[in-house]
1. Percent antiparallel among DSSP beta bridges with both residues in the chain, to the nearest 5?
2. Let's test the formula: R0 of 30 Å, r as the Cβ-Cβ distance of residue 33 and residue 68. What FRET efficiency results, to the nearest 0.05?
3. Just want to confirm a number: the relative contact order over the chain, from Cα pairs under 8 angstrom separated by 6+ residues, in percent.
4. If I model a spin label at residue 98 and residue 15 as a point 7 Å from the Cα along the Cα→Cβ vector, what separation in nanometres do I get?
5. Order these by the 10 Å Cβ neighbour count, fewest first: 72, 86.
């Protein structure tokens, strides 16, 4: 089953992790102190990232975590929003490439 992916920018990662963990009812499944957090629930895949290129609280991109995705892909919709499509394994590869210390496995 596909999960909606929402990626949001923050400048307060620790406060965001506490807030979103409460809202989603689970702690992040991957957390890079000072940089990134990921939650995967039954229906959602939510990430937050300290991103100096995006205003805090802004949408970085949307997408689908899709177990049938054969590769990581992205395109842009008519509103200029980037949509990604990936499997949980593709996302883990991306996280581990950016932050090798994460050693994240879905």
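1. On the way: 18 of 29 bridges.
The antiparallel fraction comes to roughly 60 percent.
2. Numbers: r = 33 Å, r/R0 = 1.11.
Once rounded, the FRET efficiency stands at 0.35.
3. Numbers: 205 pairs, mean separation 29.0, N = 106.
Dividing the mean separation by the residue count of the chain yields 27 percent.
4. Label-label distance for residue 98 and residue 15, simple model: 2.1 nm.
5. On the way: 72 15, 86 22.
Exposure proxy ranking, most exposed first: 72, 86.
Read-outs: derived from the displayed coordinates by stated rules, not from any lab. Fair warning: this is a prediction, and the values are worked out from it, not measured in the lab. Counting neighbours? That spans all protein chains shown, and the Cβs are built from the backbone with ideal geometry, glycine included.
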